[in-house]
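Below: the structure, in structure tokens.
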Amino acid sequence: MESTHIDRHAGSIALVTGGSRGIGAGIVRRLASDGVSVAFTYSSSEDKALQLVNEIESTGGSALAIKADSASADEVRLAVTKAVSHFGPLDIFVSNAGILTRGSIGDLSLEDLDRMLAINVRAVVVGIQAAAATMNDGGRIITIGSVVAVRTGFPGSSIYSMTKAAIVGLVRGVAIDLAPRAITVNNIQPGPIATDMNPADGPHVDMLHTLIPLRRYGKDAEVASLVSYLTTKDAAFITGASLTVDGGYSA
Ligand code: NDP
């Protein structure tokens, strides 16, 4: 039987935004263990970013940490340039960096709105534009949206949910635009995943457990495994899709 999994990854080059912690770090680790050379961005967690590079290099992998604030379109573009000049043209771009500022619709400031739009939406568009411009044909673009695009579930999440719903439409359109180059474009919508953004001992944990049929938070590795699969040849016919990894939260 053809080993499509191994064939696809070995020697590939990836850029992951927001790879210093949480889901992004899980994606960086998984791709590196698949044999991918992985560049990733961070904005403030330099120690964690450098630790992750050390961890990957100590097991024979290749990684590069790039300081780039997703709130700046220029920094996102420059991160793509740095990744390409270090490793070569991208095969995989994962737009993961995101922020959640909670607040009821009457309480959120214009600054909160603009910052969530800049990081959760504009940076995704700009990153995809820059990555696609230099990506090898047959490449893979993956966004990390959220299950809140399907089911918000909690008060204080309207703007965050709006930003993640925007990604669903973006991915549909970009998938069509890049199809002639056989670049697939998909959106992963995690449910509650234990990270700094959504700690497994946070205030909503008891209620969340009752809303998740599998009765637990997910792990960053369980999002990363879908990223890994989407980069294989086995997933070459999946594009424009938004796929949930949520323990049944949206079921
Ligand atoms: P964390 O807050 O745990 O980690 C966020 C990561 O993104 C960090 O590496 C952080 O780097 C980076 N980041 C944040 N802001 C910026 C910025 N302005 N520029 C560059 N990098 C930045 O979040 P999660 O891992 O939980 O979330 C990752 C993605 O998954 C987000 O898009 C989030 O919306 C989504 N998601 C998360 C869910 C969850 O339950 N955890 C559920 C559904 C979706 P640094 O520390 O250097 O700033």
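The values are calculated or read from the model by the stated rules, or taken from the named source; none is laboratory data. Keep in mind that what you see is a predicted model, and the values were worked out from it rather than measured. Don't worry about glycine lacking a Cβ; one is built from the backbone with ideal geometry, like all the others, and counts go over all protein chains shown. The protein model used for the area step is the full one, side chains on, heavy atoms only, and it has no ligands, DNA or RNA in it. Shrake-Rupley method; radii C 1.70, N 1.55, O 1.52, S 1.80 Å.
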query: Once label points are set 7 Å from the Cα along Cα→Cβ at both Ser85 and Ala179, what is their separation, rounded to one decimal in nm?
result: 3.7 nm
Cut-off 14 Å between beta-carbons: net charge of the residues surrounding Ala179, Lys and Arg +1, Asp and Glu -1: +1
message: Cβ neighbours within 10 Å, averaged per peptide: list 211-224, 12-25, 130-143 in order, most packed at the top.
response: 12-25, 130-143, 211-224
query: Angle, helix 158-178 long axis vs. longest principal axis of the chain, Cα atoms, 0 to 90°, nearest 10?
result: 30 degrees
Those residues of the stretch 67-95 whose amide nitrogen sits under 17 Å from the label point placed on Phe154, 7 Å along Cα→Cβ: none
- prompt: Each label point is 7 Å from the Cα along the Cα-to-Cβ direction; what then is the distance between the points at Asn136 and Leu113, in nm?
  reply: 4.4 nm
message: Quick check on the stretch 162-251: what does the Kirkwood estimate of hydrodynamic radius come out to from the alpha carbon pairs, in Å?
response: 14.4 Å
Per residue value of the accessible surface for the chain (all protein chains in place, 1.4 Å probe), Å²: 45 Å²
message: Please report the antiparallel percentage of the DSSP beta bridges confined to the chain, to the nearest 5.
response: 0 percent
- prompt: Hey, what do the phi angles of the stretch 22-30 turn into as Karplus ³J(HN,Hα) couplings, whole Hz, using 6.51/-1.76/1.60 and θ = phi - 60°, x for Gly and Pro?
  reply: x, 4, x, 5, x, 5, 4, 4, 5
query: From the backbone phi of the stretch 109-124, what are the Karplus-calculated ³J(HN,Hα) couplings (6.51 cos²θ - 1.76 cosθ + 1.60, θ = phi - 60°) in whole Hz, Gly and Pro given as x?
result: 7, 4, 5, 4, 4, 4, 5, 5, 5, 5, 7, 8, 10, 4, 5, 5
statement: With all protein chains present, the stretch 129-197 has a carbon and sulfur share of its accessible area (1.4 Å probe) in percent of 59 percent
field: Hydrodynamic radius of the stretch 5-245 per Kirkwood, over alpha carbon pairs, in Å
entry: 17.8 Å
- prompt: To the nearest 20 debye, what is the magnitude of the charge dipole of the stretch 27-156 about its Cα centre, counting +1 on the Cβ of each Lys and Arg and -1 on the Cβ of each Asp and Glu?
  reply: 280 debye
